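Some notes on the structure that comes next.
The values are calculated or read from the model by the stated rules, or taken from the named source; none is laboratory data. Nothing here was measured: the structure is a model prediction, and the numbers come from that model. Cβ sites come from the backbone with ideal geometry, for glycine too, and all protein chains shown count toward neighbours. Note: areas computed on protein heavy atoms with side chains; ligands, DNA, RNA excluded. Shrake-Rupley method; radii C 1.70, N 1.55, O 1.52, S 1.80 Å.
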Amino acid sequence: MEELRLDAQLAARLRRATRAVALSGAGVSKESGLGTFRGAGGLWEDRRQTGSAATGDRRSRGRPEELATPEAFYRTPGKVWRWYAARYATAAAAAPNPAHHALARWESLFPSFLLVTQNVDDLHQRAGSRRLVALHGTLAEAVCDSCGRRRPMGEAVAASPAEPPECSVPGGGTGCRGRFRPAVVWFGESLPAAALETASRAAAACDLLLAAGTSALVYPAAGLIETALRAGACVVEINPEPTPFSRFAHLRLAAPAGTALPALTEAIASCRSMTG
Ligand SMILES: [Zn+2]
């Protein structure tokens, strides 16, 4: 994307903004080769890709909608575990793209900033983002389904590649007899309450909200954008396709996040460095 020119009114709002929130969705990780996630737990939408973790023999692997549920995990724990192990490996091998790096800069551009992501990969963290909440959990960790103990997914998979490992006290002992599962939110599960509360409060108090790479069709993304609009925030949308919020956005960039986000970030940085 070429240099982004902001009209004077918008530039003034971006210059004055002190509390910014960015909502990121699947589109932000797409240019890192992670396909398009959809819904809670981050499902692969584009299963035509070959060689990705989500493809292969569809009959033996099952449909994503049938694997990302607690029922599937308790019915066929090994199958769900191996599917997530493959997805984890794909995400771990991917690298942050310019959209992730641009968003990491937002922490130093605004006095207050929160990144709210629907993505379960950890590419934002690897790009340097620290002030973030992951609404749908993370592929990078496993969590005991009984006591809640967490461990790195890579370590859990290395210890037990075929079946979810049992929870045991490090160094021996009987442990809690629970099983490790991926630390993502599955269909039918509630979003983590603390993360949702933090995101809602930030959206209600922000004066700038960016929605990037999200179709904004599902709760809570749609609710957070609505909240920010009601609070009078300036809303910027980056998405190649129109969304239900496109007509309310004060600025809409119909482009992939990997090009639009760096251009927007440059424009904001340069208007905020101006005096007056
Ligand atoms: Zn446990």
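Remarks
- P(r) tail fraction, the chain - alpha-carbon pairs more than 29 Å apart, %: 34 percent
- Look at the dipole of the range 74-229 built from charges on Cβ: of 98, 178, 228, the Cα furthest out on the positive end belongs to 178.
- For residue 88, the accessible surface of its heavy atoms amounts to roughly 60 Å² (probe 1.4 Å, protein chains only, rounded to the nearest 10).
- For the chain, a crude dipole built from +1 on the beta carbon of Lys and Arg and -1 on the beta carbon of Asp and Glu, taken about the Cα centre, is about 220 debye to the nearest 20.
- Positive dipole terminus of the chain, leading residue within 210, 152, 109 (C-beta point charges): 152
- Only DSSP H runs of four or more residues enter the estimate; each adds -39500 (n - 2.57), and after division by the residues of the chain the mean residue ellipticity at 222 nm equals -11000 deg cm²/dmol.
- Computed from backbone phi with θ = phi - 60° and the Karplus coefficients 6.51, -1.76 and 1.60, the 3J(HN,Hα) list for the range 181-197 is 10, x, 7, 10, 8, 9, 3, x, 9, 7, 5, x, 4, 5, 5, 5, 5 Hz; x is used for glycine and proline.
- Relative contact order for the chain, counting Cα pairs under 8 Å that sit 6 or more residues apart, in percent: 25 percent
- Here the average projected area of the convex hull drawn through the C-alpha atoms of the range 72-125 stands at 4.8 nm².
- These residues, 122, 145, go from largest to smallest accessible area, 1.4 Å probe, as 145, 122.
- The range 203-262: C-alpha pair distances exceeding 17 Å, %: 31 percent
- Within the chain, antiparallel bridges make up roughly 35 percent of the DSSP beta bridges whose residues both belong there.
- Surface calculation, 1.4 Å probe, protein heavy atoms: residue 250 sits at approximately 90 Å² accessible.
- Length gained on full extension, residue 150 to residue 163: 3.0 nm, using 0.36 nm per residue less the C-alpha separation.
- Candidates 244, 262, 77: whichever shows maximal mean-square fluctuation once the chain is modelled as a Gaussian network with Cα springs under 10 Å: 244
- Distant-in-sequence amide H partners of residue 210 (H built 1.01 Å from N, under 5 Å): 21, 22, 23, 236
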